[in-house]
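One structure is given below, encoded as structure tokens.
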Amino acid sequence: MSDLAIREMNSAAEEKQYVICNINKEYYGIDITHVNNIIQMPKITMVPKAPECFKGIINLRGEIVPIMSLRRRMNLEDDTLTKDSRIVILNINDDEMIGVVVDGVKEVLSIPTDTIETPADLLKSEDSLIRGIGKKNEDLISIFEIDSILKNIA
């Protein structure tokens, strides 16, 4: 193979995979490297005096996992659980997990990193949960910044 062909293959755009979920009829992407599991809705045990965005805890294969409502975290109306509702289990540290409730999970999608656009300056803030916007055909996909989702929730 010629040097030119090798250089062209190496310069191909890097792609990242995202779990595409919907919340309030909008599409959001979660970097697959943070995703541990996707489960159907189990019984959630409420925890008194927990921050408002937390729905409670579940027992996942012997581990207690806190469950957060992304709708509440984004200041939307409370979750309406349906047969499509899912909990996306995220790895947040070496040995910690958190579950986030979504209205549904659509697919795993590869998006070239050079096609993800940063939000407009007017939409950027320290509290923003979104780090970029990806596209699939005509659909816009807001890419979550996982660290921001977990910041300032007390």
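Taking the range 74-117 as the search range and keeping residues that are of a type in the set (Asp, Glu) and touching a strand residue (DSSP E or B) at 6+ places or on another chain (Cβ under 6 Å), which one is farthest from residue 134 (Cα to Cα)?
Once the filter is applied, the top-ranked residue is 79.
Can you find even one residue in the range 42-50 that is hydrophobic (A, V, I, L, M, F, W, C), under 21 Å from residue 145 (Cα atoms) and either assigned to a strand (DSSP E or B) or touching a strand residue (DSSP E or B) at 6+ places or on another chain (Cβ under 8 Å) (or both)?
Looking for residues that are hydrophobic (A, V, I, L, M, F, W, C), under 21 Å from residue 145 (Cα atoms) and either assigned to a strand (DSSP E or B) or touching a strand residue (DSSP E or B) at 6+ places or on another chain (Cβ under 8 Å) (or both), one finds none in the range 42-50, hence no.
Within the range 28-41, take every residue that is assigned to a strand (DSSP E or B) and within 10 Å of the chain's Cα centre (by Cα) and give me the one that is surrounded by the most Cβ atoms within 10 Å (Cβ to Cβ).
29
Quick one: residue 51 ticks every box in (1) at pLDDT below 95; (2) under 23 Å from residue 18 (Cα atoms); (3) not acidic (Asp, Glu) bar one, so which box is it?
Unmet condition: (2).
Across the range 51-70, which residue is surrounded by the most Cβ atoms within 10 Å (Cβ to Cβ) among those that are in contact with a helix residue (DSSP H, G or I) (Cβ under 9 Å, 6 or more places away or on another chain) and in a strand (DSSP E or B)?
55
Looking at the range 71-82, is at least one residue surrounded by fewer than 18 Cβ atoms within 10 Å (Cβ to Cβ), in a loop (DSSP other than H, G, I, E, B) and at pLDDT below 85?
No - not one qualifying residue is present in the range 71-82.
Could you please find all residues in the range 83-112 being surrounded by fewer than 15 Cβ atoms within 10 Å (Cβ to Cβ) and assigned to a strand (DSSP E or B)?
Those that are surrounded by fewer than 15 Cβ atoms within 10 Å (Cβ to Cβ) and assigned to a strand (DSSP E or B): 104, 107, 108, 110, 112.
The values are calculated or read from the model by the stated rules, or taken from the named source; none is laboratory data. Since this is a predicted model, take the numbers as computed values, not measurements. A quick note on method: Cβ atoms are made from the backbone with ideal geometry, for glycine too, and the neighbour counts reach across all protein chains shown.
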